[in-house]
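Here is the structure we will look at.
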Amino acid sequence: MQRSIKEVTYRLILLFLGLMIAHLGVTLFLLTELGADPFNVFVQGVFRTLSHVTDLLTHGYTHVSICIVIILLLLVIDKSYIKIGTIICMVFGGPIIDFFTRLFGNAIHSGLPFAVRVFVLAAGCVILAFGMTIVIKSDAGTGPNDLVAIVISDKRSKPFGRVRIIVDFCFVAIGFLLGGDVGIGTIISAFLVGPIAGVFLPLGEKIVNRIV
């Protein structure tokens, strides 16, 4: 059934709010400097490998390029997963992180006690997982890297949390072999984000259903 303009607008607003929440979590994670998140370990590895071939790429361009490849693959596998929200996530993710980095960069940094940084990192993982579920349940599209776990979970009829852990560890393993940075934050993220997102998914669905 075709959605009304009002419903589509509400869903896009929810998606953007979820994206803001998720990338607040990502920013807290990154500011602790305890290791890149799984997908960015993969991006780092690809970037550092390709940088030996050309100096035209940056980490950001590599990130976007990988996302475009994922989108192209999904267009072949099942294009129903590609929605306007997927493009919104890809375009606005970086600027949102830059905004929160400027906002919290002076308060959260590598100079804080290690225990505080681990706590902030864990909190960032929880916030990221919650925001991710809002984005997913908005049903307006989600980021290309998150779609990898979603599509596998749907196609194989496996729990999202378990699939997310496996996908994250694949990103980490490949990225590490290619030269990406792995730290305690990477491991914590890989173990926390997927299962917590799996717990939050029903809540995210309730929130979306109440508003839309």
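The values are calculated or read from the model by the stated rules, or taken from the named source; none is laboratory data. This structure is a prediction, so every number in the text was calculated from the model and none was measured. Ideal geometry is used to build each Cβ from the backbone, glycine not excepted, and the neighbour counts take in all protein chains shown. Keep in mind that these areas ignore ligands, DNA and RNA; they rest on the heavy atoms of the full protein, side chains included. Shrake-Rupley method; radii C 1.70, N 1.55, O 1.52, S 1.80 Å.
May I ask you to list pairs of residues, at least six apart or on different chains, whose Cβ atoms are under 8 Å apart, with the first in the range 65-80 being open to solvent by 80 Å² or more (accessible area, probe 1.4 Å) and the second being modelled with pLDDT of 85 or more and assigned to a helix (DSSP H, G or I)? As it stands, the answer is Ile77/Val151, since those pairs meet every condition given.
With respect to the conditions (1) open to solvent by 40 Å² or more (accessible area, probe 1.4 Å); (2) in contact (Cβ under 8 Å) with a residue 60 or more places away in the chain, Leu56 lacks only one, and its number is (2). Restricting Val151, Val135, Val126 to residues that are part of a helix (DSSP H, G or I) and more than 25 Å from Ser65 (Cα to Cα) narrows the list to Val126. Counting only residues that are surrounded by 16 or more Cβ atoms within 10 Å (Cβ to Cβ), assigned to a helix (DSSP H, G or I) and not β-branched (Val, Ile, Thr), the range 165-200 holds 15 of them. Suppose the filter is aromatic (Phe, Trp, Tyr), within 15 Å of the chain's Cα centre (by Cα) and more than 22 Å from Val64 (Cα to Cα); does Phe119 pass it? No: the conditions fail for Phe119. Close contacts from the range 102-122, counting a first residue that is within 19 Å of Val193 (Cα to Cα) and a second that is open to solvent by less than 70 Å² (accessible area, probe 1.4 Å) and small (Gly, Ala, Ser), with Cβ to Cβ under 9 Å and a gap of 6+ residues or different chains, come to Arg117/Ser110; Arg117/Gly185; Val118/Gly185; Leu121/Gly35; Leu121/Gly185; Leu121/Ser189.
If you go through the range 54-70 and keep only what is among the hydroxyl-bearing types (Ser, Thr, Tyr) and either more than 19 Å from Ile97 (Cβ to Cβ) or in contact with a Phe, Trp or Tyr (Cβ under 9 Å, 6 or more places away or on another chain) (or both), you end up with Thr54, Thr58, Tyr61, Thr62. Test Thr62 against the stated conditions and say whether it is closer than 20 Å to Val148 by Cα and either among the small types (Gly, Ala, Ser) or in contact (Cβ under 8 Å) with a residue 40 or more places away in the chain (or both). Judged against the criteria, Thr62 is not a match. If you take the residues in the range 74-109 that are of a type in the set (Gly, Ala, Ser) and within 21 Å of Phe39 (Cβ to Cβ), which one is nearest to the chain's Cα centre (by Cα)? Once the filter is applied, the top-ranked residue is Gly93. Could you please let me know if Phe104 is touching a His at 6+ places or on another chain (Cβ under 9 Å) and more than 24 Å from Arg164 (Cβ to Cβ)? Against the criterion (touching a His at 6+ places or on another chain (Cβ under 9 Å) and more than 24 Å from Arg164 (Cβ to Cβ)), Phe104 does not qualify.
The listed residues are Leu15, Leu19, Leu34, and the only one of them that is open to solvent by less than 20 Å² (accessible area, probe 1.4 Å) and in contact with a Lys or Arg (Cβ under 8 Å, 6 or more places away or on another chain) turns out to be Leu34. Looking at Phe92, is it open to solvent by 40 Å² or more (accessible area, probe 1.4 Å), of a type outside the set (Gly, Ala, Ser), in contact (Cβ under 8 Å) with a residue 40 or more places away in the chain and closer than 21 Å to Ile150 by Cα? Considered against the rule, which asks whether it is open to solvent by 40 Å² or more (accessible area, probe 1.4 Å), of a type outside the set (Gly, Ala, Ser), in contact (Cβ under 8 Å) with a residue 40 or more places away in the chain and closer than 21 Å to Ile150 by Cα, Phe92 comes out as yes.
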